[in-house]
1. Could you say which residue among Thr335, Thr408 is more than 30 Å from Ala261 (Cα to Cα), of a type in the set (S, T, N, Q) and in the same structural domain as Val457 (by the TED database)?
2. Checking the conditions here, which among Ile389, Ile393, Ile345, Ile340 is open to solvent by 10 Å² or more (accessible area, probe 1.4 Å), among the β-branched types (Val, Ile, Thr) and assigned to a helix (DSSP H, G or I)?
3. Of the residues that sit in segment 443-490 and are crowded, with 17+ Cβ neighbours inside 10 Å and among the aromatic types (Phe, Trp, Tyr), which one is nearest to Thr282 (Cα to Cα)?
4. Among the residues that make up segment 211-225, is at least one of them under 30 Å from Val323 (Cβ atoms) and open to solvent by less than 50 Å² (accessible area, probe 1.4 Å)?
5. Restricting attention to segment 139-169, report how many residues are open to solvent by 10 Å² or more (accessible area, probe 1.4 Å) and more than 15 Å from the chain's Cα centre (by Cα).
6. Regarding Leu178, is this residue under 20 Å from Asn114 (Cα atoms) and buried (at least 20 other Cβ atoms within 10 Å of the Cβ)?
7. Test of understanding: among Leu230, Leu204, Leu256, which residue is under 23 Å from Leu35 (Cβ atoms) and either hydroxyl-bearing (Ser, Thr, Tyr) or under 28 Å from the mean Cα position of the chain (by Cα) (or both)?
Amino acid sequence: MEQKGLEENKMSKTQKKQKQPITACLLSAAFFGALGSSFIYGYNLSVVNAPATYIKAFYNQTWIDRYNEPVAAETVTLLWSITVSIFAIGGLCGALSVSYIIRVLGRRGTLLVNNSFAVIAALLMSLGETAKSFEMLIIGRFIIGVDSGIALSVLPMYLGEITPRHIRGSIGQFNSILICLGVFTGQVLGLPELLGQESRWNYLFAFLAFPAVLQLCVLPFLPESPRYLLMERRDEEGARRAFQKFLGKDDVSEELEEVHAEARAQETLQAVSVFQLMKSQTVRWQLVTVVVTMASYQLCGLNALWYYTNGILLEAGFNQEIVPYITLSTGGIETLAAIISGLVIERIGRKPLLIFGFTAMAVFFSLLTVFLNFQDRVSWMPYLSYICILAVIASFCSGPGGIPFILTGELFEQASRPAAFMIAGTVNWLSNFAVGLLFPFIQETLQTFAFLVFVAVCIVASIYLYIVLPETKNKTFMDISQSFAKINQIPYPSPSHEMEMVLAIQPDEKKEAVKVESSL
């Protein structure tokens, strides 16, 4: 009876939380946090496509000015390959540094300092032509990669920690939405009528400073993560004020109690290192799940899909001059699918959206393979190929495009989260680099059957997630850890028991309990 009463009390509290309005403070943190982070990452995925010809011409002219002879075709190709791929290398370096930076600066502080990388990169890349230095462009691409590597780890962590659990998925999808919006913005600004001209291409890179400066203007007025303040800085009053501002209410005792309960359930409140996390049996399957999900995020084939898009449009009979405008539909579909996913994620859940997304990608990649093999024989077949491309993009953004970052924040408790994001970021950027490096060889070997490799990846990801991943929507971090306890083969106290312990202890007793625990 007592257990039933606790369950009913927990359900009534959850229903009350779901009626709470989303505050302007929380929306501002989500939008401006993502604008200066995810948006910049997405923008850099597409911004180099439009001015590629002009940048190569700039490399050639710089070489002539220096050495009084044209650059060899192989050298231009090498310089361009370095320019494109060094972004992923910078991202890897940024991801590897996250757990160290975040200990000192916190979540919000790291996001603020990270803007300096974006501003420096914007200056280097936009002024490279004036300074007649292609090295500035390459170094700038590396630095903006570092910015993105840090941002894609810290922002999901920050959003997950400041958001009530009943809307954690929706707010977390701001990361995915702004990535897609960044890609779309890069496509639009790269049009010939705007900045995709020989005399204006450097302004495409100067634009990078704009979202970074906007974030610098807003983020200092928003609170730090209350979980970080309470569990790592031991600043209970600061955490109380942060919760009050984010949630828009004065009584935040329940939220503070929940964090205290999580703190008591952890073996340590000290940040766990990457090596310790990898050795720990208590989070073994959480870590495997994050590695599989993040690797699948990059290896599912979306980045490789861009190699075929223009060729399919040309095969369909579209004029070369209007292809860039039609390609805008891919960025538009991306953004729309990400927004819809953010609206339905709290109703449908993370697991169904991920499985649906990967399964649908496998289906449409299979159809695309069939259509590509017949498009030379049937005049209208290229149109079906392009519809498949749009369907693959929509499927990706419905779940796999954003939920892996949300899951990384949800599957780990406070002490393990920075190290988990460092591992997830490393897998993300290494997989990104692997696709860019290996896909041309896969394409050359398998031709139009190349996408069958990604079909296999999507199917394996779907099966794994169906078997292993529990649903995490509307659950506390303790609830999620408990759901993995059985598969990790470890005992774990029930969340209701932990909450009872916290509620039963008075403030003075809490301090005494902490002293006793530390002495043990």
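1. Thr335
2. Ile340
3. Phe484
4. Yes, segment 211-225 contains a residue that is under 30 Å from Val323 (Cβ atoms) and open to solvent by less than 50 Å² (accessible area, probe 1.4 Å).
5. Summing the residues that are open to solvent by 10 Å² or more (accessible area, probe 1.4 Å) and more than 15 Å from the chain's Cα centre (by Cα) in segment 139-169 gives 8.
6. Taking the combined requirement at face value, the residue satisfies it.
7. Only one candidate qualifies: Leu204.
Listed here are the residues, each with its yes/no results for (1) touching a helix residue (DSSP H, G or I) at 6+ places or on another chain (Cβ under 6 Å); (2) modelled with pLDDT under 85.
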site: Ala419; (1), (2): yes, no
site: Val435; (1), (2): yes, yes
site: Thr448; (1), (2): yes, yes
site: Ile459; (1), (2): yes, no
site: Glu471; (1), (2): yes, no
site: Ala485; (1), (2): no, yes
site: Gln489; (1), (2): no, yes
site: Gln506; (1), (2): no, yes
site: Ser518; (1), (2): no, yes
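The values are calculated or read from the model by the stated rules, or taken from the named source; none is laboratory data. Remember, it's a predicted structure, so these values are computed and weren't measured experimentally. Neighbour counts run over all protein chains shown; Cβ positions are idealised from the backbone, glycine included. With ligands, DNA and RNA removed, areas are computed over all heavy atoms of the protein, side chains included. Shrake-Rupley method; radii C 1.70, N 1.55, O 1.52, S 1.80 Å.
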